[in-house]
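This report refers to the structure that appears directly beneath it.
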Amino acid sequence: MAVFDWPASLVPKTVTIRPPRRTLGLSTSLTDFTQVVPSIRPPFTLTMQFDALEGLDVLAYRAVHASLEGRANMVRVPLFDVWYAATQAQIMGGTVTHSDGTAFSDGALYLTRDLSGVLVSGVQGARTITADFGSYGQLLQAGLYFGLGEHPYIATGVSWSGSVATIRCSPSLRRDYDTEPLRLRPTMIGRLPDDDNGALTLESLRYGTPSIEFTEAFDGPFS
């Protein structure tokens with residue numbers, strides 16, 4: 001079992017993100033009877049539809065799709081969203097040191113790809129967390145996705161006291177977190193729902209418009 005990264009060049013045309021649902025609807029019976037049952041650990045699901053892929057994008061798509069080997073492997077895929085692009089200027093304009101607080105020998109630092117220093121602690125099952133956004137200001141709003149470690153969440157309610165946000169989230173915390181960095185460009189570890197999902201059909205042996213679906217996976221070292 002391996003986890004591959006989604007190619008940065010493959011940005012979907014349309015995205016459907018389905019946050020965790022706490023119930024499951026069983027199939028309708030012959031008498032039109034249906035039953036709703038609780039879902040023990042509901043996942044995120046993600047569907048991406050692409051505009052015409054040509055040339056190197058076709059190769060990149062086929063390579064990552066083949067790497068999954070059906071449902072044998074997983075992929076780390078961004079939760080593409082309006083916020084994914086909207087916050088780039090705010091969260092990618094800073095610099096940070098090595099993990100031990102030191103810089104490179106010439107004094108250079110790493111460029112940030114997400115928030116830096118916005119940390120969250122909480123226990124598994126909690127529905128509410130707090131985070132101090134400091135100089136970033138009041139960036140997070142209800143309805144936006146965020147990440148803690150390898151787990152995506154959606155903010156269902158946010159209240160502010162200065163730069164400190166109290167965030168109601170869905171799902172409840174997947175595990176205990178101790179000063180875990182909060183990310184505004186979350187990713188999801190996903191697996192294909194079936195072995196043939198996402199197959200690419202080439203038209204005129206040149207281009208294709210694939211659609212692919214992923215279901216959040218819980219059976220890796222990140223769970």
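The values are calculated or read from the model by the stated rules, or taken from the named source; none is laboratory data. The structure presented is a predicted model; accordingly, all values stated were derived computationally and were not measured. Neighbour counts are summed over all protein chains in view; Cβ atoms, including those assigned to glycine, are modelled from backbone coordinates with ideal geometry.
Checking the stated criteria, THR112 turns out to be among the polar types (S, T, N, Q), under 21 Å from the mean Cα position of the chain (by Cα) and modelled with pLDDT under 55. The set of residues from the stretch 113-148 being in contact with an Asp or Glu (Cβ under 6 Å, 6 or more places away or on another chain) and surrounded by fewer than 15 Cβ atoms within 10 Å (Cβ to Cβ) comprises SER121, VAL123, GLN124.
Would you say ALA126 is over 18 Å from PHE80 (Cα atoms), touching a Cys at 6+ places or on another chain (Cβ under 9 Å) and touching a residue at least 24 places away in the same chain (Cβ under 8 Å)? Spelling it out, ALA126 is indeed over 18 Å from PHE80 (Cα atoms), touching a Cys at 6+ places or on another chain (Cβ under 9 Å) and touching a residue at least 24 places away in the same chain (Cβ under 8 Å). Within the stretch 135-153, the residues that satisfy the criterion of being more than 11 Å from ILE167 (Cβ to Cβ), touching a strand residue (DSSP E or B) at 6+ places or on another chain (Cβ under 9 Å) and either assigned to a loop (DSSP other than H, G, I, E, B) or of a type outside the set (Phe, Trp, Tyr) (or both) are GLN138, LEU139, GLY143, GLY147, GLY149, GLU150, HIS151, PRO152. Looking at VAL158, is it more than 28 Å from LEU10 (Cα to Cα), at pLDDT 95 or above, surrounded by 13 or more Cβ atoms within 10 Å (Cβ to Cβ) and β-branched (Val, Ile, Thr)? Here the answer is yes, as VAL158 does meet what is asked. When we screen TYR177, TYR207 for residues that are more than 22 Å from GLY149 (Cβ to Cβ) and of a type in the set (Phe, Trp, Tyr), the only hit is TYR207. Among the strands (runs of 3 or more DSSP E) confined to the stretch 156-221, the ones with at least 2 residues that are of a type in the set (S, T, N, Q) are located at 164-170, 211-216.
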